[in-house]
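Derivation of every value follows stated rules applied to the coordinates shown; laboratory data play no part. For clarity, every value in this text was computed on a predicted model and none was experimentally measured. Quick reminder, even Gly has a Cβ in these numbers, built from the backbone with ideal geometry, and neighbours come from all protein chains shown.
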Amino acid sequence: MRIVVLVSGTGSNLQAVIDAVAAGSLDLEIAAVGADRLDTFGIERSAAAGLETFVVNFKDYASRADWDAALLSAVAAYTPDYVISSGFMRIVAPSFINAFEGRYVNTHPALLPAFPGAHGVRDAMAYGVKVTGCTVHFADAGVDTGPIIAQTPVAVLPEDTEESLHERIKIAERELLIKVLGELAQP
Ligand code: GAR
């Protein structure tokens with residue numbers, strides 16, 4: 001199984017996948033890691049791991065449609081079996097979803113369909129939930145929508161800050177992502 005991983009930030013979940021592949025506990029090939037912006041740690045750490053990287057910088061394109069087309073052709077060039085959105089903070093176009101139908105997987109730090117969007121942890125805390133968690137799902141063209149593959153609940157502690165809660169969610173999220181990828185990689 002070949003995957004392309006898309007990131008927008010630090011890529012700590014991606015690092016867990018890189019480590020699991022290197023350790024031999026996850027049998028897949030990371031064909032490339034791509035980002036939508038320059039200077040992400042996710043790209044830096046991928047390059048350091050010897051992976052192919054690419055950037056389709058949103059700011060370099062005159063229109064949204066031009067960026068959509070560039071992202072699709074950059075990802076498709078690697079002929080991935082699955083594309084993983086691992087902290088990729090952009091909605092992709094319907095053309096991208098069509099090209100990778102049932103093969104575009106997203107990870108999100110909340111129990112979807114609750115608290116979609118860029119601030120899933122903050123929004124869950126603001127609502128006052130006592131349990132939140134993480135979701136790995138097949139993504140469609142919406143904001144963190146599409147069929148759920150797996151979820152893990154995480155308790156919110158009275159002393160939690162957004163950062164401490166997100167860190168605990170990410171521990172569960174890494175485990176869940178690796179488990180789901182392992183299952184998808186089964187022949
Ligand atoms: C992860 O918690 C991921 O679920 C979240 O961004 C974080 C990326 O962390 N994604 C979303 O909120 C998507 N709506 P990382 O770059 O350190 O892996």
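Data table
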read-out: Given the chain, longest segment not containing exposed loop GluC sites (Glu not before Pro) (DSSP; at most 16 other Cβ within 10 Å); value: 102-158
read-out: DSSP beta bridge pairing in the chain, given as percent antiparallel to the nearest 5; value: 40
read-out: Simple Cβ-charge dipole of the chain, Lys/Arg +1 and Asp/Glu -1, about Cα centre, in debye nearest 20; value: 120
read-out: Net charge of neighbours whose Cβ lies under 10 Å from the Cβ of ILE149, counting Lys and Arg as +1 and Asp and Glu as -1; value: 0
read-out: Derived scalar couplings ³J(HN,Hα) [region 31-36; Karplus, 6.51 cos²θ - 1.76 cosθ + 1.60; whole Hz; x for Gly, Pro]; value: 5, 5, 10, x, 9, 9
read-out: Sites VAL143 and GLU29, calculated FRET efficiency, Cβ-Cβ separation with R0 35 Å, nearest 0.05; value: 0.75
read-out: Sum of -39500 (n - 2.57) over DSSP H runs of 4+, divided by residues of the chain (222 nm, nearest 500); value: -11500 deg cm²/dmol
read-out: Those aspartates and glutamates that a straight Cα-Cα span of less than 20 Å connects to LYS179, excepting residues fewer than 8 apart in one chain; value: ASP19, ASP27, GLU29, ASP81, ASP144, GLU167
read-out: Convex hull volume per residue in cubic angstrom - Cα atoms of the chain; value: 113
read-out: Of ALA35, ALA126, ALA69, farthest towards positive along the dipole that unit charges on Lys, Arg, Asp, Glu beta carbons give the chain; value: ALA126
read-out: Whole-Å semi-axes of region 54-101's equivalent ellipsoid (Cα gyration tensor); value: 17, 12, 11
